[in-house]
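One structure is given below, represented as structure tokens, and several questions about it will come after.
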Amino acid sequence: MALKEKLSRGPFIQELFHRRGRLVRHYFFIFVIVILCGILAGGLLEIYFRYRESQEQISLLQREVALGAVLKIGQLILEIESQMKAATVSRDIANKGLSPEYKFELMKLLYLAPAITEVSVLGDHGNVRVHVSRFKTILSDGKQDHSRSASFLQAKQGLTYFGSVYFVRGSEPYMTIAVPIERFPGSVIGVLQAEVNLRHIWESIVAIKAGETGYAYIVSRSGDIIAHRDISLVLQRRNASQLKQVQAAFEPTPVAPEPKTMVAHDLEGRKVFSSYVFIPSLDWAVIIERPMKEAYGPLYASMLRTSSLLLLGFGMALLASIFVARRVVVPLQMLRQGVERIGKGDLGLRLRIKTGDEIEVLAEEFNKMTAALQEAYTGMERKVAERTQELVIANRRLRELDRMKSAFVSNVSHELRTPLTSIKGSVDNMLDGLTGQLNEKQIRYVTRIKSNTDRLARLINDLLDLSIIEAGRIELKPTSLPLATLILEVAETLRQVAEEKLISLNIDSSDVTVTAWADRDKISQVLTNLISNAVKFTPSHGKVKVAIQKNGDEWLQVSVTDTGPGIPPEEANRIFDEFYQITQPDKQKTKGTGLGLAISKSLVEMHGGKIWVKSEMDKGSTFFFTLPARRPDVFAN
């Protein structure tokens with residue numbers, strides 16, 4: 001009840017973000033994020049597809065407008081061409097050829113085609129036969145020669161010629177159109193050449209609309225604007241060759257015009273949605289431009305609506321997560337707090353959760369579990385007490401047995417050492433000839449006895465050392481020890497054994513200034529064990545090297561490397577166990593007690609260092625151990 005009062009006392013949001021309410025916070029945020037991500041993903045996809053659809057619709061609309069503009073321009077040019085061809089069909093031409101009476105047909109042509117300002121009839125050799133102008137009162141000299149002009153040559157072949165755009169008085173765009181004059185079909189007797197003012201195309205361009213503010217204009221390949229809704233751009237001879245849409249329009253294209261769309265900038269630097277189509281016969285391009293703000297206006301409105309829906313969905317997700325947290329997470333939090341109290345030992349706790357769903361069933365099962373746990377705990381305490389008493393008794397017996405074992409080993413070793421010393425002395429006297437001269441067979445047997453007594457003496461010494469270490473009776477007497485000097489002394493005692501096997505024994509460091517804080521006798525025993533093992537396992541003509549390396553300012557590292565057979569990886573961690581010896585297939589078991597490395601490990605660890613081995617089969621092994629370089633109180637300072 002206290003927990004319920006605590007939950008109902010303060011605002012829910014404050015409790016929701018309580019320091020220990022991890023489940024509530026996680027559930028709340030995950031619920032909000034999942035719903036928000038779903039709404040956001042749906043909204044972004046909707047915006048993306050609407051963007052693509054809007055782009056396609058705008059592109060389709062502007063392409064249709066561009067094609068419509070091309071048709072209008074084509075109709076206008078074709079109408080002028082048709083009127084010129086109609087003027088070449090005359091009874092006077094058929095009867096009289098290119099006579100001065102043909103001037104009446106030219107005047108008629110000027111009346112019917114307001115865009116034509118001048119018209120000339122060129123004879124068979126390119127000379128002007130008849131010339132009529134709408135504005136000029138003084139006509140050109142009839143002796144002008146047009147025989148090499150492109151218009152005359154193309155029309156002479158029976159084809160209509162559409163010339164490039166040029167500007168009169170630096171502002172008004174003009175073009176030349178020439179059609180053949182035929183007395184009979186296939187019989188060209190002259191050329192009808194007209195100068196056409198393209199200003200009349202402006203009226204068609206102004207009528208073209210793309211949306212509310214979209215517009216169209218015509219450019220030539222050189223970038224000159226031929227027609228624009230802003231006539232001043234034409235009169236000022238503005239060039240649009242730098243615009244991307246103009247450059248793209250005159251790229252190599254098929255003969256049939258195909259409208260294309262792109263996003264670019266207009267002459268004023270504004271971003272526009274541009275569509276363009278190339279007119280091959282005139283070498284012109286029709287450009288349709290529409291400001292991006294207007295083109296994407298419906299899309300921006302859609303994005304605004306979608307954003308509003310996202311905010312609305314986020315609010316609904318927040319309310320739903322709070323409701324779910326009140327309904328689900330708060331009872332779960334009560335269960336968590338109950339588990340914490342049980343973990344602290346309050347097994348008498350019972351939860352009272354009334355939600356009418358699976359959580360209430362879970363609380364009831366929780367209470368049953370707590371009751372069973374309390375009963376089991378009571379029985380377990382009794383059994384633990386009984387087992388603890390049994391373990392105490394067993395530990396006492398084990399300690400007593402261990403003490404008796406150590407005492408037995410120590411006593412037996414002492415008892416064995418005395419007669420063994422006597423036997424060893426007697427054997428030495430016999431070998432020295434003090435008991436009389438021995439024959440060869442007697443010397444062989446006595447030598448074997450000496451070898452076995454030496455081996456037994458080493459075993460007894462190792463057992464004594466091990467029993468002393470296990471009993472904790474060993475006492476270290478560390479001093480500032482010249483480590484390199486000690487290594488040289490130990491190596492010299494073993495050098496004869498190495499030379500008998502033709503093994504090279506090298507000391508890598510002779511720096512007497514390198515000192516360690518260690519017990520001389522104990523470290524001498526460690527070095528003797530490691531170097532003698534290296535010599536023992538290294539075959540003839542092999543190498544053994546002992547090196548010292550500083551490991552920072554506080555530690556020294558000694559390494560003993562041999563070129564022996566190596567240690568199998570599965571046995572590298574066991575060689576420091578008591579009485580463990582390496583098994584080498586197809587080889588005789590090595591002589592030894594298996595205690596040397598175990599004793600060395602204990603002695604090194606008593607100094608605070610550590611010992612380990614690195615080995616590679618058929619290449620050799622390296623044993624490492626570390627020693628403190630100075631007294632521990634020096635480290636502290």
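Could you tell me whether E203 is out of contact with any His (no Cβ under 7 Å at 6 or more places or on another chain), over 24 Å from L159 (Cα atoms) and charged (D, E, K, R)?
yes
Is it true that some residue in segment 156-169 is of a type in the set (S, T, Y) and open to solvent by 70 Å² or more (accessible area, probe 1.4 Å)?
Applying the first criterion (of a type in the set (S, T, Y)) to segment 156-169 yields 160-161, 164, 166.
Of the ones still in play, those that are also open to solvent by 70 Å² or more (accessible area, probe 1.4 Å) are 164, 166.
Yes: one or more hits.
Report whether or not R183 is free of Cβ contacts under 8 Å to residues at least 40 places away in the same chain and of a type in the set (K, R).
When the stated conditions are applied, R183 does not pass them.
A quick yes/no check of all residues on (1) more than 30 Å from A41 (Cβ to Cβ); (2) at pLDDT below 75; (3) open to solvent by less than 80 Å² (accessible area, probe 1.4 Å); (4) in a loop (DSSP other than H, G, I, E, B):
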residue: F323; (1), (2), (3), (4): no, yes, no, no
residue: G348; (1), (2), (3), (4): yes, no, yes, yes
residue: M369; (1), (2), (3), (4): yes, no, no, no
residue: V384; (1), (2), (3), (4): yes, no, yes, no
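Right, next: Of all residues in segment 489-527, count the ones that are of a type in the set (S, T, Y), surrounded by fewer than 17 Cβ atoms within 10 Å (Cβ to Cβ) and in contact with a Leu (Cβ under 9 Å, 6 or more places away or on another chain).
Of segment 489-527, the ones of a type in the set (S, T, Y) are 493, 504, 509-510, 513, 515, 524.
Next, only the ones that are surrounded by fewer than 17 Cβ atoms within 10 Å (Cβ to Cβ) stay: 493, 504, 509-510, 513.
After this cut, where a residue has to be in contact with a Leu (Cβ under 9 Å, 6 or more places away or on another chain) as well, the list is 509-510.
Final tally of qualifying residues: 2.
I'm trying to understand the selection: among the residues of segment 60-87, which are more than 16 Å from F278 (Cα to Cα) and either open to solvent by less than 40 Å² (accessible area, probe 1.4 Å) or among the β-branched types (V, I, T) (or both)?
Our first condition is that a residue be more than 16 Å from F278 (Cα to Cα); within segment 60-87, this holds for 60-61, 76, 78-87.
Those that are more than 16 Å from F278 (Cα to Cα) and either open to solvent by less than 40 Å² (accessible area, probe 1.4 Å) or among the β-branched types (V, I, T) (or both): I80, E81, M84, A87.
Residue-by-condition table, conditions (1) open to solvent by less than 10 Å² (accessible area, probe 1.4 Å); (2) part of a strand (DSSP E or B):
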{"site": "T176", "(1), (2)": "no, yes"}
{"site": "I181", "(1), (2)": "yes, yes"}
{"site": "I189", "(1), (2)": "no, yes"}
{"site": "V196", "(1), (2)": "yes, yes"}
{"site": "I208", "(1), (2)": "no, no"}
{"site": "I218", "(1), (2)": "yes, yes"}
{"site": "A227", "(1), (2)": "yes, yes"}
{"site": "E251", "(1), (2)": "no, no"}
{"site": "M262", "(1), (2)": "no, yes"}
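Looking at segment 528-544, which of the residues that are among the small types (G, A, S) and within 54 Å of the chain's Cα centre (by Cα) is surrounded by the most Cβ atoms within 10 Å (Cβ to Cβ)? First the steps, then the outcome.
In the first step, residues of segment 528-544 are kept if they are among the small types (G, A, S); the result is 532, 534, 540, 542.
Imposing the further condition that a residue be within 54 Å of the chain's Cα centre (by Cα) reduces the set to 534, 542.
Details: A534: 27, G542: 19.
Going through the qualifying residues, I end up with A534.
Kindly establish whether K545 is at pLDDT below 90, over 30 Å from L401 (Cβ atoms) and in a strand (DSSP E or B). Give the derivation first.
On the way: at pLDDT below 90: no; over 30 Å from L401 (Cβ atoms): yes; in a strand (DSSP E or B): yes.
Spelling it out, it is not the case that K545 is at pLDDT below 90, over 30 Å from L401 (Cβ atoms) and in a strand (DSSP E or B).
The values are calculated or read from the model by the stated rules, or taken from the named source; none is laboratory data. What you see is a predicted model, and the numbers here were worked out from it, not measured in a lab. For neighbour counting, all protein chains shown are included, and Cβ atoms are generated from backbone atoms with ideal geometry for every residue, glycine included. Keep in mind that these areas ignore ligands, DNA and RNA; they rest on the heavy atoms of the full protein, side chains included. Shrake-Rupley method; radii C 1.70, N 1.55, O 1.52, S 1.80 Å.
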